[in-house]
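Engineer: Please see the structure below; I have some questions.
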Amino acid sequence: MQSKPVIAIVGAGNLANALAVPLRRAGYRIESVVGRSKPASRTKARTLAREVAARASTELPKDSRATVVWFCVPDGGIRKASQSVRDQIDWRGRIALHSSGALTSDELDALRRRGAFVASAHPLMTFVRRSRPTLAGVPFAIEGDSPAVRIARRVVKDLGGRGYSIQKREKAAYHAWGTFVSPLLTALMATAEQVAHAAGISQKQSRQRMIPILRQTLENYATLGASAGFSGPFVRGDIETVKRHWRALRGVPPARDVYRALLRAALQYLPAKNRAQLRRAVRG
C-alpha cells in the first residue's frame, strides 16, 4: 500500500486548525505550518504546529519533503500566498491544494507553471473560532489537475469526508448555495433575535428558546424534504395572521424585508394556500 503523503499547511487560522488535527489523526505527517511574519500569525502557527508535531515557520523549508502543500488562507490571499512561496522549493511533481469554495484551482497557477499539480478541495462545512467540527461525512467539492484530484480524493476519504467532482464554471453558484445554508442562515437567526426583542424576549432567551424548533425543523427537512416539512400560516393561507405579523414588524424594518423576501420564496417553491392574498398582505 502506498504510504501517505507528507503535508505542509500554509496558514494557521480556523480552516488550518480544522484540517491539520484530523489529518494528523488519520496518519498523515504534517511537516510544517507556515504562517505570516506578523507576531499574531506566528503565534498561531506555533500553537498549531505543536499540536500536530510539526515545525512552525514563515516560509516553506528549503529541504521540504512535503508532497502536498495545502493553502488554508482566505480567498483573497490564495494567489498572493502561492506567489510568495513559488521560489522557496522545487515544485515539480508536488501537489498544491486550496480550499476556497468560490475560486477555482487556477488561483494556484503560479505553482502549476513551476511544475506542480493543483486542485481545489472545498469542504461544505463552517469553521469558526473555538469550534472544530468533525469532517466525517462532510462533502468536499474537488476540481483541478488529475494527479492533484486523485490525491485530494484520497486524503478526503481518509478524513472520513466524501469527495465529488465539480466544474470550474459551477463554483460561484456552489459557494452561493453554501452561503445560503450557513452564513445567511445565521443572519436569519440573528434577525429572529431582533423580532424576539420586539416581543419582549432577550437575545439570550431567544437563542435558548429557538433551539428546539430549529432542531425539529432541520430534522423534518432532513427526513421529509422541504415541502412535507413546511408548516405555519403560509401553508394554511392564513391571511389575517400574516397581516398581524406585518404590522408587528413595523418597528423592525430589516426584519420586515427578510419576512417579505422569504414569504415570496415560500410562495415560489413551497405549498401554500391563498397565494395572491398573501402577496398583497406584505405590500407597502
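Engineer: Would you mind finding the one in His197, His175 that is at pLDDT 95 or above, in contact with a helix residue (DSSP H, G or I) (Cβ under 8 Å, 6 or more places away or on another chain) and not assigned by TED's automatic domain parsing to the domain that holds Asp106? If you could, list the steps in order and put the result at the bottom.
Structural biologist: Numbers: His175 fails: in contact with a helix residue (DSSP H, G or I) (Cβ under 8 Å, 6 or more places away or on another chain).
Just one listed residue meets the conditions, His197.
Engineer: While we're here: Quick one: Thr191 ticks every box in (1) crowded, with 16+ Cβ neighbours inside 10 Å; (2) of a type outside the set (Asp, Glu); (3) in the same structural domain as Ala18 (by TED's automatic domain parsing) bar one, so which box is it?
Structural biologist: Looking at each condition in turn, Thr191 falls short on (3).
Engineer: May I ask you to say which residue of Pro133, Pro147 is surrounded by fewer than 21 Cβ atoms within 10 Å (Cβ to Cβ) and within 20 Å of Pro74 (Cβ to Cβ)? Give the steps one after another, and end with the answer.
Structural biologist: On the way: Pro147 fails: within 20 Å of Pro74 (Cβ to Cβ).
None of the others qualify; the one that does is Pro133.
Engineer: Let me ask you something else. With respect to Arg42, is the statement that it is assigned by TED's automatic domain parsing to the domain that holds Leu108 and modelled with pLDDT of 95 or more true?
Structural biologist: Values: assigned by TED's automatic domain parsing to the domain that holds Leu108: yes; modelled with pLDDT of 95 or more: no.
No, not satisfied.
Matching residues to (1) modelled with pLDDT under 95; (2) farther than 26 Å from Arg42 by Cβ:
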| residue | (1), (2) |
| --- | --- |
| Arg92 | no, yes |
| Ala96 | no, no |
| Ser105 | no, yes |
| Arg129 | yes, no |
| Val149 | no, yes |
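Engineer: Which pairs turn up if I take residues in segment 75-93 that are closer than 16 Å to Ser57 by Cβ and look for partners that are hydroxyl-bearing (Ser, Thr, Tyr) and not in a helix (DSSP H, G or I) with beta carbon separation below 6 Å, at least 6 apart in sequence or on another chain?
Structural biologist: Ile89/Ser64
Engineer: Shifting gears a bit: Of everything in segment 213-262 that's exposed (fewer than 11 other Cβ atoms within 10 Å of the Cβ) and touching a Gly at 6+ places or on another chain (Cβ under 9 Å), which residue is farthest from Ala192 (Cα to Cα)?
Structural biologist: That would be Thr223.
The values are calculated or read from the model by the stated rules, or taken from the named source; none is laboratory data. It should be emphasised that the depicted structure is a prediction, and the values quoted were computed from it without experimental measurement. Because the Cβ atoms are built from the backbone with ideal geometry, glycine has one as well, and the counts that use them run over all protein chains shown.
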